[in-house]
Amino acid sequence: MPELTLVQAVNDGLKTAMRADDSVLVFGEDVGPKGGVFLATEGLTSEFGKERCFDTPLSEDGIVGTAVGMAMNGLRPVAEILFQDFNFPAFDQIVSEAAKLRYRSGGQYTAPMVIRTPFGGGIRGGLYHSQSGEAYFTHTAGLKVVVPSTPYDAKGLLIASINDPDPVLFLEPKALYRSVKGEVPEGEYSVDLSTLRSVRSGDDVTLFCYGAMVTVAEKAADQAQAKGIGVNIVDLRTLLPLDEEGVLEHAKRTGRVVVLHEAPRFCGFGAEISALIAERAIEYMEAPIARVTGFDTPFPNTLEHHYLPDPRRVLDAIEHVANY
Amino acid sequence: MSHDRSTTAAPAATTLDAAGRRELFVHMLRLRCLDERMLKLQRAGRIGFVGTARGLEGAILGAASALAPRDWLWSGLREGGAALMRGLPLAEYIAQMYCNANDTAKGRQMCNHFQHKGSHYPSWSSVIGTQIPHGVGAAFAERARGSDAVHAIFFGDGATSSNGFHAGLNFAGVWKAPCVFVCIDNGWAISVASSAQTAARSFADKGIAYGIPALQVDGNDAPACHEAVAQGLLRARAGEGPTLVVLETYRMLGHSSSDDPTKYRSDEEVERWAKRDPIDALERELLASGNLAEGERAELVSQLTAEIDAVIHEQEAAAPMALRTLVEDVYAEVPQHLRLQYNHFHDVVQRRGEALPGDGAFPL
Ligand SMILES: Cc1ncc(C[n+]2csc(CCOP(=O)(O)OP(=O)(O)O)c2C)c(N)n1
Ligand SMILES: [Mg+2]
């Protein structure tokens, strides 16, 4: 099996889906000859032609809006938005149109489409190339929100998202694009949406995370292990619809929970995990649920490594919860 | 509706005199030297990112040179040289590139996001086209406050596809807002050619739809850029409303220090434009009119570079931003919940040490 980086796995996933189904097409800003700012779409125009992989004018609203129309009329658009931050100019098309089409038409019209977009910090991109806006979108019924953290999942979840009958926002952790490598099967396979992944098991504390925070969690867990604390790491990988039963099962297993994300804390996704456990598994809890998150501030630039949760802050929360 | 695409027969008041042309030439040279220095610093890993103005000096500075000190300049990625020309201290320019403690924006924005309140130059957010309606609103406010200052709103060819462009021009047309739209059509929006951005013959055509007169100008002819914008300013100050000025030029280097333009454009195209370099063109004109001496350009370059190097040296030594700035300026006062978040963070730092910078690099 070839070893691929996460961004290569995305590229492989796109090619695999495009080979399997002529109605799949990829478009956005700089996805054509340049092959994408992060090279996720490299080689697509040369293999599939500029009818199936092409650059658009500089309008995210236009990209997502036309994707909705294409999806309503028999195509399977995979739109790329250069950075998650630039989904906001398309917010209306995502939240009010793509997400609500099935509901408002009584199921007569649907938008089976994918919006792929790099998200999160770690590249010194400042306020507008670093945000983790997942909570804006997980508050949107009708949308699916998927976040891979390994090359295997990136390809498998992407193919599942492209084949899904509903619109999917596919958030690619840019900090992991080239920093993680893993075995990726050739050809078509998929990873079911709405299933979490057990990264490693441990008996003492369950650590829920996703995206680039999975690698931070692993480092913190190594350090905790050295201190005799076993950490059970869970990669949520689909945020909406969430694998709620899986979350509850893992939370009950240790009775001690830390939730980790790089997005701001207030009304962040961690609040949902925390509330879910509080509502349905509080009697299993032996310690308060702890959250490790970004600050409730805009994303900084030079101080980004202080803003982003790092293994120190995660370990601190793990120890706090373990020793409670 | 008039749609004048020519710039001939400009009123005398709008043409740049010999002294003005020479001054403009020096500003253009400074900007080029500065870009070269910044690229070097980027390659050496001292700063993160550079979006250069190489090839655009005539368009950016020619256009900006028409503004009065009381006018505002709304910028995109590449107008930093205009801020410098209009009063941004070189030290602040370079501090912004280092994003250090001397940066007036406290290192919060990426490189190439300059601001200078003293000369009415707000920084660009990063989100393409968003400054366009801001400039229109500020122009509206200018008139409401009884001032005759005009707002020059700069943006690129790519930005003409943004929502901000359409909303901004439409509102400005309806309101007859005292502003001048300056579209720097440099041929490319990262890897997307201007010809793929619109089916219109020229971006100037877009003025028609909004009832805004438009001028299309050779953006490598710096004095012509000055004239066109000066005409727009006259109209705006006379209460006649906005003008769209499209400056046709060419982005000679990659989109930024991280972009490889050979993947999407031909060497021949670049060479064709290299022959039309705006600095060379103005130099020839100044030499011919006796306003520049043989060999003076080289002298100016070494003088300007020395000035720049001295400031770089100074800024290299500046401190990074203090950690507490993480939670400042989010609101007028730091709210209680942020105080608590910071205190907890500070406590972890005290007990376990500071986080280390990552090694991620900006890709675009
Ligand atoms: C809303 C939004 N979409 C995408 C980007 C990424 N991006 C940064 S610069 C750029 C191209 C801008 O082209 P243009 O307006 O012509 O300005 P130029 O870079 O040529 O000066 C793009 C697509 C962005 N910053 N904002
Ligand atoms: Mg451009």
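The values are calculated or read from the model by the stated rules, or taken from the named source; none is laboratory data. This is a predicted model, so every value here is computed, not measured. Every residue, glycine among them, receives a Cβ derived from its backbone with ideal geometry; neighbour counts consider all protein chains shown.
Quick notes
- Any hit, the range A:41-54, residues being within 14 Å of another protein chain (Cβ to nearest Cβ), of a type outside the set (S, T, N, Q), closer than 26 Å to A:Y189 by Cβ and touching a Pro at 6+ places or on another chain (Cβ under 8 Å): no
- For the range B:266-286, a residue qualifies if it is assigned to a loop (DSSP other than H, G, I, E, B) and either buried (at least 17 other Cβ atoms within 10 Å of the Cβ) or away from every other protein chain (no Cβ under 14 Å) (or both), and the qualifying residues are B:K275, B:R276, B:D277.
- Strands (runs of 3 or more DSSP E) wholly inside the range A:66-166 that include at least 3 residues being under 16 Å from the mean Cα position of the chain (by Cα) and of a type in the set (V, I, T): A:114-119
- Lone unmet requirement of (1) part of a strand (DSSP E or B); (2) within 13 Å of ligand 1 (Cβ to nearest atom); (3) under 30 Å from A:F91 (Cβ atoms) for B:L244: (2)
- The range B:126-161: number of residues that are touching a Lys or Arg at 6+ places or on another chain (Cβ under 9 Å), part of a loop (DSSP other than H, G, I, E, B) and either hydrophobic (A, V, I, L, M, F, W, C) or within 14 Å of ligand 2 (Cβ to nearest atom) (or both): 2
- Residues (out of contact with any Lys or Arg (no Cβ under 9 Å at 6 or more places or on another chain) and either among the polar types (S, T, N, Q) or closer than 18 Å to A:P241 by Cβ (or both)) located in the range A:258-294: A:F269, A:E272, A:A275, A:L276, A:E279, A:R280
- Single residue of B:S119, B:S195 found to be away from chain A (no Cβ under 12 Å) and more than 10 Å from ligand 1 (Cβ to nearest atom): B:S119
- Count - residues of the range B:138-182 that are over 16 Å from B:V127 (Cα atoms) and within 16 Å of ligand 1 (Cβ to nearest atom): 4
- Subset of the range B:330-345 that is closer than 26 Å to B:G48 by Cβ and more than 7 Å from chain A (Cβ to nearest Cβ) - its residue that is surrounded by the most Cβ atoms within 10 Å (Cβ to Cβ): B:F345
- Candidate set: the range A:111-124, residues that are at pLDDT 95 or above and either within 9 Å of chain B (Cβ to nearest Cβ) or within 16 Å of ligand 1 (Cβ to nearest atom) (or both); chosen: the one nearest to B:K106 (Cα to Cα): A:G121
- Among residues of the range B:308-343, those that are out of contact with any Lys or Arg (no Cβ under 9 Å at 6 or more places or on another chain) and assigned to a helix (DSSP H, G or I), counted: 13
- Options A:L303, A:L308: the member that is within 14 Å of chain B (Cβ to nearest Cβ), closer than 30 Å to B:I47 by Cα, surrounded by 22 or more Cβ atoms within 10 Å (Cβ to Cβ) and without any contact (Cβ under 8 Å) to a residue 40 or more places away in the chain: A:L303
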